[in-house]
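The values are calculated or read from the model by the stated rules, or taken from the named source; none is laboratory data. Bear in mind the structure is a predicted one, so any value in this text is a computation, not a measurement. Because the Cβ atoms are built from the backbone with ideal geometry, glycine has one as well, and the counts that use them run over all protein chains shown.
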Protein chains: 2
Amino acid sequence: MKHVGTQTILFDAPPTILETSSIVGPKESQGPLAKYFDQCLDDEFWGEKTWEKAESKIIKENVNGVINKSGIAATDIDYCFAGDLLNQCISSSFGLREINVPFFGIFGACSTFVESLCLGAVFIEGGAANNVLCATSSHFCSAEKQFRFPLELGNQRPPSAQWTVTGSGAAIITKQGTGPFITCITPGKIVDMGIKDANNMGAAMAPAALDTLITHFRDTGRKPSYYDAIITGDLGHIGKEILTELAETKGYNIKANYNDCGVLIFDKEKQDTHSGGSGCACCGAVFSGYFFRQLKEKKINRILLIATGALMNSTSSQQGETIPGIAHAIAIEN
Amino acid sequence: MKHVGTQTILFDAPPTILETSSIVGPKESQGPLAKYFDQCLDDEFWGEKTWEKAESKIIKENVNGVINKSGIAATDIDYCFAGDLLNQCISSSFGLREINVPFFGIFGACSTFVESLCLGAVFIEGGAANNVLCATSSHFCSAEKQFRFPLELGNQRPPSAQWTVTGSGAAIITKQGTGPFITCITPGKIVDMGIKDANNMGAAMAPAALDTLITHFRDTGRKPSYYDAIITGDLGHIGKEILTELAETKGYNIKANYNDCGVLIFDKEKQDTHSGGSGCACCGAVFSGYFFRQLKEKKINRILLIATGALMNSTSSQQGETIPGIAHAIAIEN
């Protein structure tokens, strides 16, 4: 592999995404992409006593699912990269404590899924691994409780708020394969433009997405038209609009092929999810469930997936801090 | 690089740890290793209004310190790997939001420092980067508030409790250099032996340390005597004793050259820190301040550094969960 431009890594022997799997909660199961997910849950608890335990079960079962689909034995997976939104990433560590695979915990907020793919691809291309597992999860109820208010309070959500996706996305990347290939990655910098509203994450994260998007184009010499689809993770309706406008002011017209997982996963008119989906599982499940299948079926052949994350917590907001954003990009091609 | 045994990666052209830096708080400044740290703080706030902001300042200034000491321009650092103990790793993301380096957030609890060195080394050896920055922090006051009780409550700490180190460790790894070299890494699996006492982390993490230690020896064919020093991150006095005994039952006698950063950083008799130090900065600052200097001065030439982490949070403990542990090992040699 080689480092090109300021922050992009190009792969000489691009790793293959061998298989993906997705599980989603009841809200996502009523959305436009429902038929693409591997498993749709009827309720948020899935037989567990708490939302946190339910989220752990979701990532655990989804990882079992992707391993089964891949045909690769768990013992042949060299390393696992996983993380989530819960404090100290407990969904991942409790959900994956039994798989017996060396584990790298990562935290990129809602950018975690693409962060895991970036790290996994570098490990494979570098010769450190033959097969890696990448996984993430989020849960609407555990996220609301932790980042905003307990659901029992019945707080009203402002129109700019997004709905954390309940679910998980997981992928197995392998050295030998016939694609879709991870051809390059552009890991992002932390960008903080001074947004303080924790109910407007799209606006807080859009500048980071812009920074990574433009850097990717500059580093690779590619143009927006190179890709069949440019997809952000969870900017939602407001963030999508902001990114489209910001990109245009920088000379990049992405209107023709740009969309956002948070916009795609819910029906804005019928589902009362305000500005759209968010959370680690938004990008994770929509890519694993929908876009991976589109790539496998050659309906699209080149996708730039840019997952965005808001690197704050409830304490930082209470202490008057702004919301730093980050965005990691990965190009996946047939 | 090549993958050997079940989970170890051997480097063909081992990356060099070019420089390290450390900052510690007032308690650590009264301990036996005080003279080795780059900066010792007089109080826990360092001019900030909150402990969280102080922790962010500590990692920020420590990263500036290691960059200055290294002589490498910040613009020549390709990627940064950092994480900490605070919810959503805000110490790292707020502390490093201005350095303008592509950022991978990681979470391995107190194993974070070695996790960052592992990932950084793979990036360099694989050709993805020429220079990487690795950093971590922890803070006694913010950790007590978040994981146990607010300090204002004046809770009594049981004898098995450890004292979270206030401080930061940071390192710059580079492709070209004259050592000390990172020769191999053994990333660990999650190990949960059913310990539930959040005031006895040493016992909870020792089985993970054992698993990684033995795997490292099996994968590499090395014996304990290969190393001048085998150093765990923060098992503390109780965990150190448990690991020593467990290793012996498995046929590995490590008594002659084994110690723990949490044991070394405080004076057990005079400092009232009970079972010793803990936290991301325990391993981070003790390696960056003390062991790196020992390596540079050739007082020791081969060290196996095993950082341990407890992958729980306060919610998981309240929900009756056990404490999963993890340990990542890295061999550093002249």
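Structural remarks
- Taken over the stretch B:304-324, residues that are without any contact (Cβ under 8 Å) to a residue 60 or more places away in the chain and either among the β-branched types (V, I, T) or within 9 Å of chain A (Cβ to nearest Cβ) (or both) amount to 3.
- Only one of A:N334, A:N301 that is touching an Asp or Glu at 6+ places or on another chain (Cβ under 8 Å), of a type in the set (S, T, N, Q) and away from chain B (no Cβ under 14 Å): A:N301
- Of all the listed residues (A:N68, A:N87), the sole one being more than 9 Å from chain B (Cβ to nearest Cβ) and either surrounded by fewer than 24 Cβ atoms within 10 Å (Cβ to Cβ) or over 27 Å from A:I185 (Cβ atoms) (or both) is A:N68.
Residues are listed down the side, and each one gets a yes or a no for (1) among the small types (G, A, S); (2) surrounded by 21 or more Cβ atoms within 10 Å (Cβ to Cβ):
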position	(1), (2)
B:A143	yes, yes
B:I172	no, yes
B:Q176	no, no
B:M193	no, no
B:A209	yes, yes
B:L213	no, yes
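Okay, residues lined up against (1) more than 8 Å from chain B (Cβ to nearest Cβ); (2) within 19 Å of the chain's Cα centre (by Cα); (3) in a loop (DSSP other than H, G, I, E, B):
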site: A:F81; (1), (2), (3): yes, yes, no
site: A:S93; (1), (2), (3): no, yes, no
site: A:N100; (1), (2), (3): no, no, yes
site: A:E115; (1), (2), (3): no, yes, no
site: A:V122; (1), (2), (3): no, yes, no
site: A:C141; (1), (2), (3): yes, yes, no
site: A:S160; (1), (2), (3): yes, no, yes
site: A:I173; (1), (2), (3): yes, yes, no
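- In the set (1) touching a Pro at 6+ places or on another chain (Cβ under 8 Å); (2) touching a residue at least 60 places away in the same chain (Cβ under 8 Å), the condition left unmet by B:A206 is number (1).
- Single residue of the stretch B:44-56 satisfying the filter (part of a loop (DSSP other than H, G, I, E, B) and either within 17 Å of B:A285 (Cβ to Cβ) or outside the structural domain of B:I23 (by TED's automatic domain parsing) (or both)) that is farthest from the chain's Cα centre (by Cα): B:W46
- Count - residues of the stretch B:190-223 that are in a loop (DSSP other than H, G, I, E, B) and closer than 20 Å to B:M1 by Cβ: 2
- Qualifying residue in the stretch B:247-267 (condition: more than 14 Å from every other protein chain (Cβ to nearest Cβ), surrounded by 24 or more Cβ atoms within 10 Å (Cβ to Cβ) and assigned to a loop (DSSP other than H, G, I, E, B)): yes
- When the stretch B:140-168 is filtered for residues that are in contact with a Phe, Trp or Tyr (Cβ under 6 Å, 6 or more places away or on another chain) and farther than 14 Å from B:D234 by Cα, the ones remaining, listed by number, are B:C141, B:S142, B:N155.
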